[in-house]
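Input: a single structure, listed below in structure tokens.
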Amino acid sequence: MTDLHDDVLSTEDAVRAIWAEALGGAIDDDSDFFLLAGSSAAALTITSRIEELSGVRPPLRMLFEYPRFGDYVRALLEKGR
């Protein structure tokens, strides 16, 4: 595995942990923010924790555009390129 691949997996794992903490449960790629009862408080927690991790706060609208975890994290990684 390459360092880039390891970095991607590390970022994905960190974001997955943030979602799990904010939404109170296990998160897989098909987990949907809204079906997991995502609230405005959870959305703010997710974006602020990602900002702590990366130094950049993702726009809240990303959760509306990409409510499934797998899509969300791919969009985050693409945005970070």
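What's the total number of residues in the stretch 31-62 that are more than 17 Å from THR11 (Cα to Cα) and charged (D, E, K, R)?
Residues meeting the conditions: 2.
If I ask for residues that are closer than 16 Å to LEU60 by Cβ, modelled with pLDDT of 95 or more and small (Gly, Ala, Ser), which ones from the stretch 16-39 would you list?
Of everything in the stretch 16-39, just one residue is closer than 16 Å to LEU60 by Cβ, modelled with pLDDT of 95 or more and small (Gly, Ala, Ser), namely ALA22.
Tell me which residues, restricted to the stretch 34-81, are under 10 Å from the mean Cα position of the chain (by Cα), part of a loop (DSSP other than H, G, I, E, B) and aromatic (Phe, Trp, Tyr).
TYR66
Kindly provide the set of residues from the stretch 63-81 that are within 14 Å of THR11 (Cβ to Cβ) and either of a type in the set (S, T, N, Q) or surrounded by fewer than 18 Cβ atoms within 10 Å (Cβ to Cβ) (or both), ordered by number. Step through it out loud before you land on a result.
Filtering the stretch 63-81 down to residues within 14 Å of THR11 (Cβ to Cβ) leaves 69-70, 72-81.
Selection gives GLY70, ARG74, ALA75, LEU77, GLU78, LYS79, GLY80, ARG81.
Give me the pairs, please: first residue somewhere in the stretch 64-81 and within 11 Å of TRP19 (Cα to Cα) and at pLDDT 90 or above, second residue anywhere and surrounded by 12 or more Cβ atoms within 10 Å (Cβ to Cβ) and among the small types (Gly, Ala, Ser), beta-carbon distance under 6 Å, and either six or more positions apart or on two chains.
Listed pairs, sorted by first residue: PHE69/SER31.
The values are calculated or read from the model by the stated rules, or taken from the named source; none is laboratory data. In this text the structure is predicted, and so the values were computed from the model without any measurement. A quick note on method: Cβ atoms are made from the backbone with ideal geometry, for glycine too, and the neighbour counts reach across all protein chains shown.
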